[in-house]
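Trainee: Let me begin by handing over the structure; questions about it come next.
The values are calculated or read from the model by the stated rules, or taken from the named source; none is laboratory data. For clarity, every value in this text was computed on a predicted model and none was experimentally measured. For neighbour counting, all protein chains shown are included, and Cβ atoms are generated from backbone atoms with ideal geometry for every residue, glycine included.
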Amino acid sequence: MKNKLLLNELDLFEENNDNIRISSEVKNHNINDIAIIGIGAKLPLADNIDEFWENIIKGKDCIREFPDTRKRDIDNFFAHIGQSDENIQYINGAYLDEIDKFDYEFFRLTPIEARLMDPNQRLFLQTAWEAIEDSGYGGKKIIGTNTGVYVGYIGAVEEYKYKQLCSDDSNSFNAASVPGNLSSIIPSRISYLLDLKGPSMIVDTSCSSSLLAVHLACQGIKNGDCDMAIAGGIRLNLVPIVKKEKLGMESSDGKTRSFDDRSDGTGIGEGVIAILLKPLHKALEDKDNIYAVIKGSSINQDGTSIGITAPNVDAQADVIVKAWNEANIDPETISYIETHGTGTKLGDPIEIEGINKAFSRYTDKKQFCAIGSVKANIGHLYQAAGIVGLLKVVLALKNKQIPPLANFCFPNRKINFEQTPVYINDRLTNWECDKLPRRAGVSSFGFSGTNCHVVLEEADRYYDCESLNDCDNFSSQVLTLSAKSEAALMRLVQLHRNYIKKNDRVNLQNICYTANTGRGHYNYRLILKLKDVNDYRNKIEKYANMV
């Protein structure tokens, strides 16, 4: 006898002119739901989320040689401290092209302070600001608010590595450099800059750190510790040199082949992501742009297993079930799970067994839920791995497509997928869900034994589709764009051009309102009076071509 399903959701929908309308009963269930209203990201071969999504839907493997520009910087550093070695080998991985570009004046820092600041701190500061502006809460809107900041980061290890690098240069440290090299300052820097009053903390549970940061941010909002929250994670490989010491989970060629029969470990990657979270009912009331909805999340610990770093199948099953109960949803409505998917011989079969155990408490259905892992595209981001998986799912929900699992040819022979509720999604597919909302889970299991699972849902069901598509019924609008430099202003124009090219339906009123009220006012400005969407398209194209 299976457990009773949490909700008979088909009873909650009504037909209305071939469009599904959410009844008031469903709306009453979303009091604890959290909306994702802003995103900032910088990932391998992707400077923004649109480029990241293009890489993911193409099944692109971003593992490559260490970028030459960064290699030259490290070689020069070693030569400067007298440790030049022609035999140095760099690890293949999914790298950012550059980690040293930073607008210190924008963030009111001195050149010396910025130069000595840990690159992790600089990059997260930029990315968090990007998420805030993306949400429409830039300028003065977020200043002084009760907003929390939660950052997944392996603090002690990364802090030690950077200090060790700087200690080789006797000129690197002075009093101004101390705050810029403490891991606890990564979230605090944002709180200080914007006078934010909510909790500000580093979260370190190894691989599950950033998804746990999302969970804690959601809990902080629900508990009243903060009204909104920035959650994120960052991972950089400052000196990725081949060493004799191994963790025991490294792939032989740097590539991750999750759930594939050829899998022999995980590759490495780097990146930074920040998201802005807000209670769903408030986001709807304030007419924020909503990427996706977090229905529920949970955490637990492996406890005793075959080894302190070994996964525990029962704990993995329990954390998933706990998240489903927190979300108050029917598990059969989950149609995709972004797995931890490290591509290790031990981890992959255990993860599928855990998912199978979780579903088996509610249903006997087989192969109705797709699975994938972004690690096959960009390697393991360790402390940032969980939130990059969440980003992939958010974009999949938004675009109503399930990306293919990269580097997949033959299923792992130790996993009998036919007898489980899941199947490998090995090609780009449209995400069809009949009359139920699209829902997904994201798993992140820490090397420390701390596990986290998050349940996500598409945002479309909470919108009035007719009002969203009523894009042309308005009088003339004024669009104001502003930046601190001419080059930055032109990049902003380019972003508008890219947006209008990719979207057939554009609500110009919303765009102008957000641009006019959700960004700061700086020295370089462009003001456009727009008659309609075509006028917006033509004028943006004209100015974009001036670059």
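Trainee: Does N223 fit the bill of being free of Cβ contacts under 8 Å to residues at least 12 places away in the same chain and in the same structural domain as E351 (by TED's automatic domain parsing)? Talk me through it step by step, then tell me what you get.
Mentor: Details: free of Cβ contacts under 8 Å to residues at least 12 places away in the same chain: yes; in the same structural domain as E351 (by TED's automatic domain parsing): yes.
Taking the combined requirement at face value, the residue satisfies it.
Trainee: For the stretch 405-423, does any single residue satisfy the condition of being among the polar types (S, T, N, Q) and either under 21 Å from C218 (Cα atoms) or touching a Leu at 6+ places or on another chain (Cβ under 6 Å) (or both)?
Mentor: Taking every residue of the stretch 405-423 in turn, none turns out to be among the polar types (S, T, N, Q) and either under 21 Å from C218 (Cα atoms) or touching a Leu at 6+ places or on another chain (Cβ under 6 Å) (or both).
Trainee: List the number of the failed condition for Y382; all other conditions in (1) closer than 24 Å to E457 by Cα; (2) touching a strand residue (DSSP E or B) at 6+ places or on another chain (Cβ under 7 Å); (3) not assigned by TED's automatic domain parsing to the domain that holds K435 hold.
Mentor: (1)
Trainee: Quick check on my filter: what residues within the stretch 29-46 are in a loop (DSSP other than H, G, I, E, B) and modelled with pLDDT under 95?
Mentor: The answer is I31, N32.
Trainee: Could you please let me know if D68 is closer than 26 Å to S252 by Cβ and touching a residue at least 24 places away in the same chain (Cβ under 8 Å)? Steps first, please.
Mentor: Details: closer than 26 Å to S252 by Cβ: yes; touching a residue at least 24 places away in the same chain (Cβ under 8 Å): no.
Answer is no for this residue.
Trainee: Does I143 fit the bill of being out of contact with any helix residue (DSSP H, G or I) (no Cβ under 6 Å at 6 or more places or on another chain) and either surrounded by 20 or more Cβ atoms within 10 Å (Cβ to Cβ) or among the hydrophobic types (A, V, I, L, M, F, W, C) (or both)?
Mentor: no
Trainee: Can you pull out every residue in the stretch 189-204 that is among the hydroxyl-bearing types (S, T, Y) and surrounded by 21 or more Cβ atoms within 10 Å (Cβ to Cβ)?
Mentor: Across the stretch 189-204, the qualifying residue is only S200.
Trainee: Still on this structure, I have one more. If I filter the stretch 324-355 down to residues being touching a helix residue (DSSP H, G or I) at 6+ places or on another chain (Cβ under 8 Å) and polar (S, T, N, Q), which single residue comes out as nearest to M249 (Cα to Cα)?
Mentor: First pass over the stretch 324-355, keeping only residues touching a helix residue (DSSP H, G or I) at 6+ places or on another chain (Cβ under 8 Å): 324, 328-331, 333-334, 336-343, 350-355.
Next, from what is left, pick out any that are polar (S, T, N, Q): 328, 333, 339, 342.
On the way: N328: 36, T333: 33, T339: 17, T342: 8 Å.
So the residue we want is T342.
Trainee: Which condition number in (1) surrounded by fewer than 20 Cβ atoms within 10 Å (Cβ to Cβ); (2) not in a helix (DSSP H, G or I) is the one that T69 fails?
Mentor: That leaves (2) as the condition not met.
Trainee: Continuing with the same structure: How many residues does the stretch 75-96 contain that are loosely packed, with under 14 Cβ neighbours inside 10 Å and part of a loop (DSSP other than H, G, I, E, B)?
Mentor: Our first condition is that a residue be loosely packed, with under 14 Cβ neighbours inside 10 Å; within the stretch 75-96, this holds for 76, 79-87, 89.
Adding the requirement that they be part of a loop (DSSP other than H, G, I, E, B) leaves 81-87, 89.
Number satisfying all stated conditions: 8.
Trainee: Which of the numbered conditions does V321 fail, given that it passes all the others? Conditions: (1) in a helix (DSSP H, G or I); (2) among the aliphatic types (A, V, I, L, M); (3) crowded, with 22+ Cβ neighbours inside 10 Å.
Mentor: (3)
Trainee: Name the residue that is nearest to the chain's Cα centre (by Cα), counting only residues in the stretch 97-149 that are in a loop (DSSP other than H, G, I, E, B) and basic (K, R).
Mentor: By that ranking, first place goes to K101.
Trainee: Out of the stretch 175-214, which residues are polar (S, T, N, Q), within 18 Å of I275 (Cα to Cα), part of a helix (DSSP H, G or I) and in contact with a Phe, Trp or Tyr (Cβ under 7 Å, 6 or more places away or on another chain)? Steps first, answer last, please.
Mentor: Of the stretch 175-214, the ones polar (S, T, N, Q) are 177, 181, 183-184, 188, 191, 200, 205-206, 208-210.
From what is left, the residues that are within 18 Å of I275 (Cα to Cα) are 188, 191, 200, 208-210.
From the residues that got through so far, the ones that are part of a helix (DSSP H, G or I) too are 188, 191, 209-210.
The answer is S209, and nothing else.
Trainee: Just the residues that are surrounded by fewer than 24 Cβ atoms within 10 Å (Cβ to Cβ) and at pLDDT below 95, please, taken from the stretch 205-235.
Mentor: Selection gives S206 alone.
Trainee: Here is a further query. Mind listing whichever residues of the stretch 405-436 are more than 24 Å from the chain's Cα centre (by Cα) and buried (at least 19 other Cβ atoms within 10 Å of the Cβ)?
Mentor: N412, I415, T420, P421 - these are the residues of the stretch 405-436 that are more than 24 Å from the chain's Cα centre (by Cα) and buried (at least 19 other Cβ atoms within 10 Å of the Cβ).
Trainee: I need every pair where a residue in the stretch 517-535 that is charged (D, E, K, R) has its Cβ under 7 Å from the Cβ of a residue that is part of a strand (DSSP E or B), sequence separation at least 6 or different chains.
Mentor: R519/S482; R525/T480; R525/L481; R525/S482; K529/V478
Trainee: How many residues, within the stretch 502-544, are in contact with a helix residue (DSSP H, G or I) (Cβ under 8 Å, 6 or more places away or on another chain) and assigned to a strand (DSSP E or B)?
Mentor: Matching residues across the stretch 502-544 total 5.
Trainee: Can you tell me which residues in the stretch 533-547 are β-branched (V, I, T) and either modelled with pLDDT under 80 or exposed (fewer than 15 other Cβ atoms within 10 Å of the Cβ) (or both)?
Mentor: Scanning the stretch 533-547 gives a single hit, V547.
Trainee: Let me ask something else about it. Filter the stretch 499-516 for residues that are surrounded by 15 or more Cβ atoms within 10 Å (Cβ to Cβ) and among the hydroxyl-bearing types (S, T, Y); which is farthest from the chain's Cα centre (by Cα)?
Mentor: This residue is Y513.
Trainee: Which ones in the stretch 309-323 are in contact with a helix residue (DSSP H, G or I) (Cβ under 6 Å, 6 or more places away or on another chain) and under 12 Å from E351 (Cα atoms)?
Mentor: Listed by number, the residues that qualify are P311, V313, Q316, A317, I320.
Trainee: When the residues of the stretch 342-363 are filtered to those that are outside any helix (DSSP H, G or I) and within 18 Å of G449 (Cβ to Cβ), which remaining residue is farthest from the chain's Cα centre (by Cα)?
Mentor: Across the stretch 342-363, the extreme among qualifying residues is L346.
Trainee: Filter the stretch 511-545 for residues that are of a type in the set (S, T, N, Q) and closer than 24 Å to F106 by Cβ and give the result. Working first, answer last.
Mentor: Within the stretch 511-545, the first condition is being of a type in the set (S, T, N, Q), and the residues that meet it are 514, 516-517, 523, 534, 538, 545.
Those that are of a type in the set (S, T, N, Q) and closer than 24 Å to F106 by Cβ: T514, N516, T517, N523.
Trainee: Tell me whether the stretch 457-480 contains one or more residues that are at pLDDT 95 or above and either in contact with a helix residue (DSSP H, G or I) (Cβ under 7 Å, 6 or more places away or on another chain) or part of a loop (DSSP other than H, G, I, E, B) (or both).
Mentor: Yes, some residue in the stretch 457-480 is at pLDDT 95 or above and either in contact with a helix residue (DSSP H, G or I) (Cβ under 7 Å, 6 or more places away or on another chain) or part of a loop (DSSP other than H, G, I, E, B) (or both).
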